Amino acid sequence: MSEGNAVERALRDAAPHGLFETVREVLSREHGARSAELLMADYASARLQPVTARPFTVESVSAYNGPEGRAFGSQEPYVVAQGDGVTVHLPVSVRGDRLGILSVSYAAGAYGPGLLGPLRDVADALGHEILVADRDTDVFLMARRARRLTLAAEMQWQLLPGRSCSRPEYDLGAQLEPAYAIFGDSFDWSASADHLTLTVNNGMGEGIDAALLTSLAVSALRNARRAGLDLADQASLADQALYGQYQGRLHLAMLLLRFDLDTGEVEVIDAGSPRLWRLRGGAVEQVALEAQLPLGMFEDTVYTVQRFRVLPGDRLFFLSDGVYDVLSPAGDPYSLHALARAVMNTRLLPPSQVPRAFLEELAGHRGGIEAADDAMVVCLDWHGRPGTEPGQA
């Protein structure tokens, strides 16, 4: 059995709550490590929280600064030589979804560059096993929280597919604020061999009511998608589910998109949605869509599919009204000029980092005042498949 297979077998055989202890043993026995630490990205993607037997007993570190933050941001190993040894900080990610950092320490002279490849394999295997373990233990979910989540936020985060995703055709990143008290904003995505389906929504109401509304809508859309229905029928089924439950008292604004991975053709339904912006060739513009009724507002609403095309090199932004409605301490709204500036200021960052940086600029506009509404930012970089038309200015 190869070393990589032996590590994967050891992790598969480990108890879910003891997964990291097994990793420590493997790193010590097979790789000569002196110690190891696992840090999970918190819900705000601002801190890296140590996984310990007793949560919150060890100080977290920045997800932006320091050696751990550099490895997390770049998604590349970062090696630090210290007086008494070497520490290797490795990203723990699954298909582009950034989970945290594995830090492995060696005594002086015990580490060599030949260990880096096997250590990366351990970090990759650990990431996949954490996702499986989350079904059976709270250890890693507890480590992600810098403070207590509201019940509504707990429901919302459990509903999400992740915070980032990478495939050859595209890269996705998304973030919600306030991370520990989110209400109704949400996003969802699913990919097949030929298509990417993406939904972004702006739920009505606050607290549990907003979370329940969003949960019903997202579940209805998933049910319709998994039954093989087309985009219009997916929207209609979700619309009927919401109207049947709330009789129009509550409704949900949603943007529903289906990308053809071969051609870049996009089918879209704008159900009173969050707005869509595009960065192409250095120019920022809103993608004009025909707004239709929000889901659940009236009985038996008929939805019509629109179409547009994305080109390799395009960056798309999906923003909820919690971004547009933000006011400064002086009462000035967040202007389109400020939005365009934020888009340009983050253009060199990968999509996994863009939403966090964008929301920090938004917080600066608020001047430290607590957000009055949810804010959601989803960023999509479109690469296309080989042979598709390159982006144009």
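If I filter segment 165-177 for residues that are open to solvent by 10 Å² or more (accessible area, probe 1.4 Å), modelled with pLDDT of 95 or more, touching an Asp or Glu at 6+ places or on another chain (Cβ under 7 Å) and not basic (Lys, Arg), do I get at least one hit? Yes, segment 165-177 contains at least one residue that is open to solvent by 10 Å² or more (accessible area, probe 1.4 Å), modelled with pLDDT of 95 or more, touching an Asp or Glu at 6+ places or on another chain (Cβ under 7 Å) and not basic (Lys, Arg). Among the residues making up segment 367-393, those that are open to solvent by 50 Å² or more (accessible area, probe 1.4 Å), in contact with a Leu (Cβ under 9 Å, 6 or more places away or on another chain) and either assigned to a strand (DSSP E or B) or at pLDDT below 90 (or both) are Ile369, Ala372, Glu389, Pro390, Gln392.
The single residue among Glu37, Glu68, Glu30, Glu76 that is on the phi < 0 side of the Ramachandran plot, open to solvent by 10 Å² or more (accessible area, probe 1.4 Å) and in a loop (DSSP other than H, G, I, E, B) turns out to be Glu76. Of all the numbered requirements in (1) open to solvent by 40 Å² or more (accessible area, probe 1.4 Å); (2) under 19 Å from Arg24 (Cβ atoms); (3) not aromatic (Phe, Trp, Tyr), Leu126 misses one, and that requirement is (1).
Among the residues of segment 214-221, is there at least one that is part of a helix (DSSP H, G or I), of a type in the set (A, V, I, L, M, F, W, C) and farther than 27 Å from Asp381 by Cβ? For segment 214-221, residues part of a helix (DSSP H, G or I), of a type in the set (A, V, I, L, M, F, W, C) and farther than 27 Å from Asp381 by Cβ: present. Within segment 259-278, does at least one residue satisfy the condition of being closer than 26 Å to Phe358 by Cβ, part of a strand (DSSP E or B), open to solvent by less than 50 Å² (accessible area, probe 1.4 Å) and in contact (Cβ under 8 Å) with a residue 60 or more places away in the chain? There is at least one residue in segment 259-278 that is closer than 26 Å to Phe358 by Cβ, part of a strand (DSSP E or B), open to solvent by less than 50 Å² (accessible area, probe 1.4 Å) and in contact (Cβ under 8 Å) with a residue 60 or more places away in the chain. Any residue in segment 221-234 that is open to solvent by less than 20 Å² (accessible area, probe 1.4 Å), under 22 Å from the mean Cα position of the chain (by Cα) and of a type outside the set (S, T, N, Q)? Yes, segment 221-234 contains a residue that is open to solvent by less than 20 Å² (accessible area, probe 1.4 Å), under 22 Å from the mean Cα position of the chain (by Cα) and of a type outside the set (S, T, N, Q).
Which of the residues belonging to segment 285-322 are in a loop (DSSP other than H, G, I, E, B), without any contact (Cβ under 8 Å) to a residue 60 or more places away in the chain and polar (S, T, N, Q)? Answer for segment 285-322, where residues must be in a loop (DSSP other than H, G, I, E, B), without any contact (Cβ under 8 Å) to a residue 60 or more places away in the chain and polar (S, T, N, Q): just Gln292. Taken together, the residues in segment 81-123 that are open to solvent by 60 Å² or more (accessible area, probe 1.4 Å), touching a residue at least 60 places away in the same chain (Cβ under 8 Å) and more than 19 Å from the chain's Cα centre (by Cα) amount to 1.
Going through Leu255, Leu295, Leu311 one at a time, which residue ends up being modelled with pLDDT of 95 or more, touching a Ser or Thr at 6+ places or on another chain (Cβ under 6 Å) and within 28 Å of Ser192 (Cα to Cα)?
Leu255
Can you pull out the residues in segment 196-213 that are open to solvent by less than 40 Å² (accessible area, probe 1.4 Å) and of a type outside the set (Gly, Ala, Ser)? Selection gives Leu196, Thr197, Leu198, Thr199, Val200, Asn201, Asn202, Leu213.
Counting only residues that are open to solvent by 10 Å² or more (accessible area, probe 1.4 Å) and at pLDDT 80 or above, segment 322-350 holds 8 of them. Only residues that are surrounded by fewer than 17 Cβ atoms within 10 Å (Cβ to Cβ) and in contact with a Phe, Trp or Tyr (Cβ under 8 Å, 6 or more places away or on another chain) were counted across segment 129-145, and they come to 1.
The values are calculated or read from the model by the stated rules, or taken from the named source; none is laboratory data. As the structure is a prediction and not an experimental result, all values here were calculated from the model. We place every Cβ from the backbone using ideal geometry, glycine too, and count neighbours over all the protein chains shown. These accessible areas exclude ligands, DNA and RNA; they are computed on the full protein's heavy atoms, side chains included. Shrake-Rupley method; radii C 1.70, N 1.55, O 1.52, S 1.80 Å.
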